[in-house]
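**Student:** I have a structure I would like to understand better, so I am pasting it below and will then ask my questions one at a time.
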Amino acid sequence: MKIVSTSFVKNESDIVESFIRYQLNLVDEMIILDNFSTDNTPEIIDNLINEGLPIHLIRDTNTFDSLDIKMTKLVHKAVNEHDADLVCLLDCDEFIFSTNEKHPREVLESLDSSKYHLIKWTTYVPTSDDDYNIKFVPKRITHVRDDFVETFYKVIVPKEIIKNYKVTVDMGNHNLTIKNKARNELANYDLDLRLAHFPIRSKEQCMSKVIIGWVNTIASNTDNQSWNTHWRDIFYKVKANNDISSDDLVTFGKEYSLTPKYRDNVDNIDISIKKQPMNLDFCKDIEIKYYTKFNFLNNILENNISLAEDVVSLKREINVLNGKTGMIKSIKMKIYKDFLK
């Protein structure tokens, strides 16, 4: 069986090497779309490719398609161009693990190929006990939040589903849409696999993620801001306080990406954390070689430059359009005057 993962990444320099080195203990190839990173994420991936690791890096040049459309294209690419029998749709902060201490690869190989599989998050939360001298993220961050608030799933899809049905990926990789078919008939909620989810990893990464993420949401996805409300909430906390503390990180981790049921009542529920380190015994080659200090201000400023360039480009297009409109009006006026003669 050939297992391929598909991912898009953006400004993930603090975790991308951990993600790739871990995941290549489970999958045969990785297809990664870099979604206009402004940090050195692409350079780290290039270094890993130069080691001979089976990674296919695509640098995004498409500013028009939404991320669900892009991920749909990647899934079909994995099957049609890379001969994948099974495709794991993963964000860079998600690590597949087994709940029964088996090697996750064994569980993946045993999945029913006539179903697609929905794998639930287990969200890890940074604490003041974390040793930042440890660069491999799943080894450093070892506390998880209460499972009762975990309501999001991510998709693993066999080739058979892609080949036999018209499949598109929902925003965030949380489910599939299957044309002319009730997807519940094909969905399986797997209990033997989970996704270790590391959305918040340090003070600098948190501020960079939420400031860039929410500003870009406003700029490019105004019709669907609800997907990123967790960025909005944290953004305004950073804006109000001009900084965040270790306690803030724990709070952000506990409250990250909650559904409205919990987010709207967060002051009335008790979300606790407990120590639950990931099992890394089966992993090989997880030494971090390309670590660089996270520069969150650089990311924010580079993103601002990119947005400014987009505004300039849009203004030029508007000016061209206005010029053409003016020319059309002039021609119409000339025709009208000629008609009156």
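**Student:** So in the range 73-90, with the set limited to residues that are among the charged types (D, E, K, R) and in contact (Cβ under 8 Å) with a residue 24 or more places away in the chain, which one is surrounded by the fewest Cβ atoms within 10 Å (Cβ to Cβ)?
**Tutor:** Step one: of the range 73-90, the residues among the charged types (D, E, K, R) are 73, 77, 81, 83, 85.
Next, only the ones that are in contact (Cβ under 8 Å) with a residue 24 or more places away in the chain stay: 77, 83, 85.
On the way: Lys77: 18, Asp83: 12, Asp85: 17.
Among them, the one singled out is Asp83.
**Student:** Can you find a residue that is within 28 Å of Tyr132 (Cβ to Cβ), at pLDDT 75 or above and not β-branched (Val, Ile, Thr) anywhere in the range 316-324? Write out each step before concluding.
**Tutor:** Applying the first criterion (within 28 Å of Tyr132 (Cβ to Cβ)) to the range 316-324 yields none.
No, the conditions are met nowhere in the range 316-324.
**Student:** Now, a different point. Go through the range 262-312 and give me each residue that's surrounded by 14 or more Cβ atoms within 10 Å (Cβ to Cβ) and among the hydroxyl-bearing types (Ser, Thr, Tyr).
**Tutor:** Tyr262, Tyr290, Ser306
**Student:** On to the next question. Looking at Ser18, Ser37, Ser5, which one is of a type in the set (Ser, Thr, Tyr) and assigned to a helix (DSSP H, G or I)?
**Tutor:** Going through Ser18, Ser37, Ser5 in turn, just one is of a type in the set (Ser, Thr, Tyr) and assigned to a helix (DSSP H, G or I): Ser18.
The values are calculated or read from the model by the stated rules, or taken from the named source; none is laboratory data. Please read all numbers here as calculations on a predicted model, not as lab measurements. As a convention, Cβ positions derive from the backbone with ideal geometry for all residues, glycine included, and neighbour counts pool all protein chains shown.
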